[in-house]
């Protein structure tokens, strides 16, 4: 009977397959976390906010501006003045503004220089920067900086998602391992208890020594203790997985009591060619590289603007004028001659203390950002190579641990045969069974480490937590 129980243990310790119903696969769990977890949603909101801020900056650069003013004074039955001014300013990416204006002046006490025909005058002109604005101005610099920070935010959001998916992968792998170990521990206790009852019957029948009862009781106590810890580990692993489950409306999702992890699948480690290709792609698209490169681009835009502000601020305005009732007068623009207005405005700081300070600060900020890019690239490469080595080691360890389980099963089979022939003892039989239990638990732990190593490589490369197909 005891030999038959050992045979049953061999069947129990065969690779554990989760039932098809009520299972949660790693891919489904990661998709759920990516879509609904608060951290993932915060990453999306960060990107949306950065895009909105970039839109604000670009809007200030390109949005046309319409302005109008009306001033009128009437006193003692006389209209002193009646001024109407309207202006449409259309910015361009080159920093030149196209202007379209309407001026109309009426009244008895107006300045001669403000005289217009009764219908008013229309102007079409340009506002051209000749100093600071030739290369860049604050609007263009702000737009460039906002776009760069938007790219940085996209990289930061992607990095946050990758870290989250890495944590989710570890949680699922621990749950899978804890489920396997708990199943083994529970069955081990059950079979040890059945063996204890069978041993007691043999002792009563005179077929076994009373000391065998103590040996069988010791094994029950040992396995019950191990089962208690295995159960606690399973509870902790399930709680960790459950804490990462959310629905589309932001409400926590419970993990059903019958829910089990789905089948485990581990991709082979990449070869040198695959790793080199992934590293090349990561140098361009890694979230951390994108984040630091975006900040470097923003610093570069700020430094360019700081250098430009060392120049004098010179702006020229030229416009063609025409009577409102004779708009054909504008057709000659920008030819010389005819009715026109021209203005030139210039200003500069004499000592440039503030401007030089801003330029120095911007240069230091840019140098720091460039160093950050170089450091991110170096750390990314090192982390990816380390993770690839760990994945290779975990894959080799998993294969060898599976071999160890097969050898432990064969030893138990041989021990059962010897025990049935009266050539072995209950102690050795328990020892072989315990060895198979331990090796099977190590296999579950090694499989979890392989999944974790794969996720670590994915995060190091900046890819989603499941590696791309080779």
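The values are calculated or read from the model by the stated rules, or taken from the named source; none is laboratory data. Just so we're clear, the structure is a prediction, and the values are computed from it rather than from any experiment. Note: ideal-geometry Cβ built from the backbone for every residue, glycine included; neighbour counts use all protein chains shown.
A few points about this structure:
- Qualifying positions in segment 187-224 - part of a loop (DSSP other than H, G, I, E, B) and modelled with pLDDT of 85 or more: 210
- Sub-7 Å Cβ pairs linking a first residue in segment 143-169 that is within 21 Å of residue 239 (Cα to Cα) to a second residue that is at pLDDT 85 or above and not in a helix (DSSP H, G or I), at least 6 apart or interchain, are 164/37; 168/244, ordered by first then second residue.
- Every residue from segment 98-120 that is modelled with pLDDT of 85 or more and either in contact with a helix residue (DSSP H, G or I) (Cβ under 9 Å, 6 or more places away or on another chain) or more than 12 Å from residue 83 (Cα to Cα) (or both): 98, 99, 100, 101, 103, 105
- Which listed residue, of 248, 258, 230, 236, is surrounded by 18 or more Cβ atoms within 10 Å (Cβ to Cβ) and touching a residue at least 40 places away in the same chain (Cβ under 8 Å): 230
- Scanning segment 261-276 for residues being loosely packed, with under 13 Cβ neighbours inside 10 Å and over 22 Å from residue 447 (Cα atoms) gives a total of 3.
- The residue list 119, 148 contains one member that is outside any strand (DSSP E or B) and closer than 23 Å to residue 57 by Cα, which is 148.
- Residue within segment 125-144 that is surrounded by fewer than 16 Cβ atoms within 10 Å (Cβ to Cβ) and in contact with a strand residue (DSSP E or B) (Cβ under 7 Å, 6 or more places away or on another chain) present: yes
- Where helices (runs of 4 or more DSSP H) fall entirely within segment 1-87, those with at least 1 residues that are touching a strand residue (DSSP E or B) at 6+ places or on another chain (Cβ under 9 Å) and either modelled with pLDDT of 85 or more or surrounded by 16 or more Cβ atoms within 10 Å (Cβ to Cβ) (or both) are at 26-36, 38-62.
- Residue match in segment 94-102 (condition: farther than 30 Å from residue 52 by Cβ, buried (at least 19 other Cβ atoms within 10 Å of the Cβ) and not assigned by TED's automatic domain parsing to the domain that holds residue 291): yes
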